[in-house]
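Taking it in order: structure first as structure tokens, then the write-up.
The values are calculated or read from the model by the stated rules, or taken from the named source; none is laboratory data. Note that the structure is a prediction, hence the values are computed from the model and not measured. Ligands, DNA and RNA are stripped out before the accessible areas are found, and what is left, the full protein with its side chains, is counted by its heavy atoms. Shrake-Rupley method; radii C 1.70, N 1.55, O 1.52, S 1.80 Å.
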Amino acid sequence: MKVIYVDANNLHEIRQSSPNAAMALGYFDGVHLGHQSVIQTAKEKAQAQNLSLAVLSFFPHPKSVLFSDIEISYLEPLEQKVEKLEKLEVDIFYIVEFTKSLAKVEANDFLDDYIIGLNAKEIICGFDYTYGAKASGTVKTLAVYAATQQVGLTVVEELKWNNQKISSTLIRKHIAERKLSELPNLLGGFYKTKYCQKNGILPNYSLPNVGSYKVLIEDRHSFIECVATVKCKKYIQIHHEISTLQNVLTIQWVDRFETVPS
Ligand SMILES: Cc1cc2nc3c(=O)[nH]c(=O)nc-3n(C[C@H](O)[C@H](O)[C@H](O)COP(=O)(O)O)c2cc1C
Ligand SMILES: Nc1ncnc2c1ncn2[C@@H]1O[C@H](COP(=O)(O)OP(=O)(O)OP(=O)(O)O)[C@@H](O)[C@H]1O
């Protein structure tokens, strides 16, 4: 998978070499089951029409740029999103730099410059995708635009669990509320974070609130079941001998313990 960082300065150059693509649109924090359904739909379009499979996202999160008082609690850093998109067999991951000036770009100009500009022949997004200044672009305006530009558009219907939309927001809420055992229904697997033996949890993950948790540590091809205690927002203690393991470990968060183990 090619990872291409796009900004207002290099857009013109990147456009010259962009292949025709089926392009999935959205931020995709956590690449949950709703996101996977959008990307899978894009993959089917790409295969049927012999197009490259592209995902177009942003960095940083639009909300963190637009509302400076909001601190986004990312589910995962960009590197982990890259790993997941790679596994989904995405060919090109465009990461558009989200700035205050991009936020002012009108909806149709964004489509002209970034979507058509990067050679999307099929656009795929979810039912609630928004874009453009004041988030005025919606799937309705996108449908009008796609028809006039003779580009295909597929809008993926809402994927729900227990009558609620599967969303990054809901996953963040469950993590904060320690409801880890709910997460495989939303993510397709346990929530994972990376942990460095020297520095602790790597940046841009969300940790559950203070308390003790059943976790699985990935050790090459096996899993070590043990307990981790979240001491504060960024610090955890692992109740297991890990000094012989690799420096950077993947931790799967399975469930909470009601009582703190001694
Ligand atoms: C050109 C552009 C301008 C945007 N301007 C705004 C804005 O003014 N206000 C806002 O809340 N979101 C704005 N957004 C963010 C989008 O509403 C949306 O969050 C983003 O495209 C990611 O889509 P998703 O949240 O559906 O994944 C803008 C997005 C783009 C591409
Ligand atoms: N449950 C879902 N079913 C179908 N499409 C979805 C679902 N959740 C998100 N999408 C689509 O996936 C793309 C990325 O969405 P986005 O990053 O806004 O996810 P989100 O989970 O809605 O995030 P947030 O909770 O932060 O609003 C968009 O095209 C969006 O419409």
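Data overview
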item: Cα-based reach from residue 198 at 18 Å (exclusive), listing lysines while leaving out same-chain residues under 8 positions away; result: 231, 233, 234
item: ³J(HN,Hα) computed for each position of the stretch 48-54 - Karplus, 6.51 cos²θ - 1.76 cosθ + 1.60, integer Hz, glycine/proline x; result: 5, 10, 6, 10, 6, 9, 10
item: For the stretch 186-253 and the stretch 1-72, distance of Cα centres in Å; result: 29 Å
item: Fraction of accessible area attributable to carbon and sulfur, the chain (%, probe 1.4 Å); result: 50 percent
item: Length gained when the stretch residue 3-residue 232 is fully extended (0.36 nm per residue, less Cα-Cα span); result: 79.0 nm
item: Whole-number accessible area per residue in Å² for the stretch 17-115, which is evaluated in the context of all protein chains at 1.4 Å; result: 44 Å²
item: Vicinal HN-Hα couplings computed from phi for the stretch 28-34 (Karplus, 6.51 cos²θ - 1.76 cosθ + 1.60; Hz; Gly/Pro x); result: 6, 6, x, 6, 7, 4, x
item: Size of the chain as Cα extents on the principal axes (Å, biggest first); result: 66, 35, 34
item: Per residue solvent-accessible surface (Å²) - the stretch 147-262, probe of 1.4 Å; result: 58 Å²
item: From phi via Karplus (6.51, -1.76, 1.60), per-residue ³J(HN,Hα) for the stretch 86-102 in Hz, x at Gly/Pro; result: 4, 5, 7, 6, 6, 7, 9, 10, 8, 10, 8, 5, 8, 10, 4, 6, 4
item: Relative contact order, percent, the stretch 157-262 [alpha-carbon distance under 8 Å, six or more residues apart]; result: 29 percent
item: Sequence-distant residues sharing a close amide H with residue 178 (under 5 Å, placed H); result: 209
item: Candidate lysines - alpha carbon under 21 Å from residue 100, same-chain residues fewer than 8 apart omitted; result: 63, 134
